[in-house]
Structure formats: structure tokens, C-alpha cells
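**Q** I'd like to ask you about the structure that follows.
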Amino acid sequence: MVSDHESTRITALQTNRQPSNEDFDRHSIVRKISLLTMQYYPLDPDLNEIRLMTLLPCVEDQSRVRCTFEHTSLINPPEFCALSYCWGDPNITREITINGSSCQITTNLESALYQLGKKGYTRLWVDAICINQDDKVEKSQQLLWMGSIYRRAKEVVAWLGEEDVISAMVMDYIAPLRHSPTVTGPGSNLEIADFISFLERPYWSRVWIIQELALAKHTTIHCGGRQMSWAQFLSAFRSQERDAKQSASRSLKHLAFVNAKNLIKFHQDASKINPVRFIEALERSSEAKSTDPRDKAFALLELVYDSALYIPVPNYRQSAEDICIAITLSVVGTTSNLDIIPLLGCGCD
């Protein structure tokens, strides 16, 4: 999907140690490879403060992406959009400038910010940058507000990555639905194999996007320079599903198709204000991926009604093992069912 309340720094220094999961975690995208530093000033939790970034116009001979930070209260924030994305290869990075300091981020995130800047987006919330990833206290606190952030965002921008031949074809085929997002869309003329290839993009498999898309008031899906609405995507999916059923296609059981169907079900439940049981959410998302195993549980908390039974307060200072033990003991204590055990080991990179 850090010191206490002192001013902290992200200092990027290369080391020779083996990278850990935390280095590659989506919430640790600002990688430690630059010799420059960027200073984070502490957020005020009493004011429900978050950071928002503002994209600045491109300037020749400077980073493609330049931005500034501002602190704002989540109680009455200015209009902003929240980014939903997949980090990409953590070993391939590009430089951006934040408050005048250079930082390295993954090429996928840099591409997203660059494309969104070209399309006129300005004020954004991006978890990897707007949360001080070195401050576990801040990370845990901001995690409690993630649901509110995505609910309050004017728009959730889903970034699938740079386009390729198949994604361009799929996006172009779905585009005519823009003004008429009905379930009788053009999916019947779209090859199911191409649509499944589109659904196999890494973005669709990440556990954090379940909450991000489910809680959104409005979602726009971007792939390279192309975009479509959530309604258009849903129409195409329903058309593909209908055609697959009529032809008794085995595509209905393809993992990418099943994951997309579960994602849509989470979205429907949230839009109807129909929270589900925590164990049911774990079952539905069992194939979703996370680098940090703790996120397999943390990413679902805003979508369930009984999270307090299993994770009273999400805490990144708590180990994954301790969290699994606590969840297992709670399940056994309330249901005497051991089916939870295999679920806790699924979907970790």
C-alpha cells in the first residue's frame, strides 16, 4: 500500500547489504541511493495532518518531475487526487525534485507523475512520497487514515504503467464506451486472450489497490497516455465474462480474471456500504500480492466490519509473525476454525 515527532531526513546512500523486503515495499519507494537529502517535517496527528504534493511545470535541463510538499488537515483538505499504482522494478530508478532536493524513485512512479503532469493533474497524494517511510510511527498513524484519504480524494488515479501493444489495443477498444458506459459494450469483439493479458499487468495483482479502488468516489484508469473510466472497464469486463460463459471458456478460471472479479466484488460491497467479515476478505484476496506480508492484512482493514477482533491497531513496529499469531488466536478463539492458517501465507512476494 521514522523517528517519533522530530524532524527527520531521508538520506539516500548506497550500501552493499542484501536488500530487504522493506526496501522493496511499495511504501518504501523513495530509495536510498542519492547523496542528497530531503527533509520531512513532522505531521501533527492532533490535526489529522497529511502531506500533499503539487506537481510543477517542467523546466528544461531539470528533472522531468518537480514538486513541492504542503501539510494539510484531512478534516477539511483542498481538492486532491490520490494515486493508486504498482512500484515497478525497484532497481531501475529516475530522479525527481521535491522541495528543491533530488530523490530517486522507481521509473514506474516517475512515469506516472510525468504523464499526470502532462494531463494537467497538480495536487496529488502519493503514499510512497507523502508518508515519511523512515518513520514507523508516522507510517502506522497514516495507515489509520488511508481509507479516509481515498474516500476524500476528488479522484483516484489508477496507473497501470507504460502502455504496450496489447494495452493500447484494449484501451482503444474500450474508449468508445466513455459516453455510454453500459454492460452491452464492445467486449464481445475483443479477444479474451488479449483482455486477460491486460489483466495480467502487475498492477491488478497488488493487495493495496483493493481498498484504493473500492473506496474511491471516482476512478480513472491510466495506461501510458490513454485512459478510461471505471464504468468503462466494468462494462468491458462484464462483456468478456458473458461471452466466456456462453462459450464455456476456461478463461473464467484464469487467475487474472478471478482476481479482477474479486476486485469488482469488493468495489460493489463498498459502494453499497456493505462491509464484509475480515476472514472473508482474506479469502477473497488470498491471491493478491504484497511485498510486506503485514500488508496482506493491513490493506483490508477499511473494508471489513470486524477488524478490531483481529488487528485492534495496525502497527508496522509489530512483526509479521506476531500479527499472524494474533489473528490465528483470535480466529480460533471465536470460531474454533483453523482454516485461517494457510490464508496467512498466501500472496507474499
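Results for (1) over 16 Å from the mean Cα position of the chain (by Cα); (2) assigned to a helix (DSSP H, G or I); (3) assigned by the TED database to the domain that holds Ser148, shown as yes or no for each residue.
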site: Ala256; (1), (2), (3): yes, yes, no
site: Leu263; (1), (2), (3): no, yes, no
site: Asp292; (1), (2), (3): no, no, no
site: Ala297; (1), (2), (3): no, yes, no
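**Q** Which condition number in (1) modelled with pLDDT under 90; (2) buried (at least 22 other Cβ atoms within 10 Å of the Cβ) is the one that His179 fails?
**A** (2)
**Q** In the range 140-175, what residues are open to solvent by less than 10 Å² (accessible area, probe 1.4 Å) and within 20 Å of Leu303 (Cα to Cα)?
**A** Scanning the range 140-175 gives Gln142, Met146, Gly147, Ile149, Tyr150, Ala153, Val156, Val157, Ala158.
**Q** Can I ask one more? With the range 86-137 as the region, which strands (runs of 3 or more DSSP E) entirely inside it contain at least 3 residues that are over 17 Å from the mean Cα position of the chain (by Cα)?
**A** The strands (runs of 3 or more DSSP E) meeting that bar are 93-98, 101-106.
**Q** Another question about this same structure. State whether the residues of the range 124-137 include one that is open to solvent by 10 Å² or more (accessible area, probe 1.4 Å) and at pLDDT 95 or above.
**A** no
The values are calculated or read from the model by the stated rules, or taken from the named source; none is laboratory data. Everything numeric here is computed off the predicted structure, so don't read it as measured data. We place every Cβ from the backbone using ideal geometry, glycine too, and count neighbours over all the protein chains shown. Heavy atoms of the whole protein, side chains included, go into the accessibility calculation; ligands, DNA and RNA do not. Shrake-Rupley method; radii C 1.70, N 1.55, O 1.52, S 1.80 Å.
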